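Asker: Okay, here's the structure, questions in a sec.
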Amino acid sequence: MRSTHLSDTIEDHRDQRWRREGARQVETAADAERFVEQAGFAACLTDSRKPGPSLYVAVCGRRDAVMPRNVQKDPEASLTWVIKDEVIKRGKVYYGKLARGKAMFVAPRMVPYFHAVWGMRRAEEPRRLSKPARAVLKVLRKEWEMATGDLRAESGVSDRQALTKALDELQAAMIVMPSEVLYLPKFTYIWTLSVGRFPDGLRQRIKREVAVREIARCFLTGAGMTVPGELARVTGLSRAEAGLGNHALVAEGFATRVSQGTYQLRSDGDALEFGA
């Protein structure tokens, strides 16, 4: 989606809420945590070619930020990576590869809603998780925290690709998350059980329709307006379910329907003004 589809009013709203301006750009891990808390959730390394809030764009502090081909030599990409590692270690916001394998940050207040949509109950694990994912999970439930290499050895999932796939599967279900990134003596992630860091959020029981509505509310608050397919692309919800979430916001007067698939935020009962 290109920014030309949106009015200046909405672009300015997003600049402020998603820190796409130099005066509010993210420079530290603490800045990043405040950004995620305000946005509710954000991608890690997406740029202006993808919709939604992004840590990389917030570090750049401009709405037209584009990730260069050679990210290793780009100071903004490098800073984003350093901040991401520090945020993971601090553990104040949720981080993992969630819907469709997207690396995302989730504010603690939004964890129950994301989990209601993408999590799974323990009774469902034998049916829904692959054998390698169950083997990895069995080890982590015993040890609570383990480096990738040790996890490969202990779980019996010796193939690197199979282990990565299993960890992605467990992250997508919000069961396992990285707790630290180490570079010495060699690069590795430390993995832990998500419930150990976010017990309150992950143990709440939320109805799926409520969760979808609150995820839609969170996105629309930051976006000001959502256009057809945007909420689904940003969050990983199906377009049909994203539509139901937006319909619920209209029903309670939080949003107005502009046209099919397009919804705008209402503020204190007054619709935002949009230019042509």
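Asker: Which residue pairs have Cβ atoms closer than 8 Å, lie 6 or more positions apart in sequence or on different chains, and pair a first residue in the stretch 139-154 that is under 15 Å from PHE187 (Cβ atoms) with a second residue that is of a type in the set (Gly, Ala, Ser)?
Answerer: Listed pairs, sorted by first residue: ARG152/SER158.
Asker: Something else about it: State whether one or more residues within the stretch 197-213 are farther than 26 Å from ALA242 by Cα, outside any helix (DSSP H, G or I) and aromatic (Phe, Trp, Tyr).
Answerer: no
Asker: Taking into account only those residues within the stretch 8-24 that are under 16 Å from CYS44 (Cβ atoms) and either of a type outside the set (A, V, I, L, M, F, W, C) or without any contact (Cβ under 8 Å) to a residue 12 or more places away in the chain (or both), which is surrounded by the most Cβ atoms within 10 Å (Cβ to Cβ)? Don't jump to the end; show me each part of the working.
Answerer: From the stretch 8-24, those under 16 Å from CYS44 (Cβ atoms) are 18-20; that's our starting set.
Still in the running and either of a type outside the set (A, V, I, L, M, F, W, C) or without any contact (Cβ under 8 Å) to a residue 12 or more places away in the chain (or both): 19-20.
Numbers: ARG19: 28, ARG20: 23.
In this case the residue turns out to be ARG19.
Asker: Restricting attention to the stretch 204-251, and to residues there that are of a type in the set (Asp, Glu) and closer than 21 Å to ARG121 by Cβ, which single residue is nearest to the chain's Cα centre (by Cα)?
Answerer: GLU214
Asker: So TYR189 clears everything in (1) more than 17 Å from LYS97 (Cβ to Cβ); (2) in contact with a strand residue (DSSP E or B) (Cβ under 8 Å, 6 or more places away or on another chain); (3) hydroxyl-bearing (Ser, Thr, Tyr) except one condition, right? Which one?
Answerer: So TYR189 meets the others, but not (1).
Results for (1) at pLDDT 95 or above; (2) touching a Lys or Arg at 6+ places or on another chain (Cβ under 8 Å); (3) under 25 Å from ARG266 (Cβ atoms), shown as yes or no for each residue.
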site: ASP12; (1), (2), (3): yes, no, yes
site: ALA23; (1), (2), (3): no, no, no
site: ALA30; (1), (2), (3): yes, no, no
site: GLU33; (1), (2), (3): yes, yes, no
site: GLY52; (1), (2), (3): yes, yes, yes
site: LEU55; (1), (2), (3): yes, yes, no
site: ARG62; (1), (2), (3): yes, yes, no
site: PRO68; (1), (2), (3): no, no, no
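Asker: Here is a check on your reading of the model: is LYS92 modelled with pLDDT of 95 or more and outside the structural domain of LEU167 (by TED's automatic domain parsing)?
Answerer: For LYS92, the condition - modelled with pLDDT of 95 or more and outside the structural domain of LEU167 (by TED's automatic domain parsing) - is met.
The values are calculated or read from the model by the stated rules, or taken from the named source; none is laboratory data. Because the structure is predicted, anything quoted here is derived from the model rather than measured. Cβ coordinates were reconstructed from backbone atoms using ideal geometry, including for glycine residues, and neighbour counts include every protein chain displayed.
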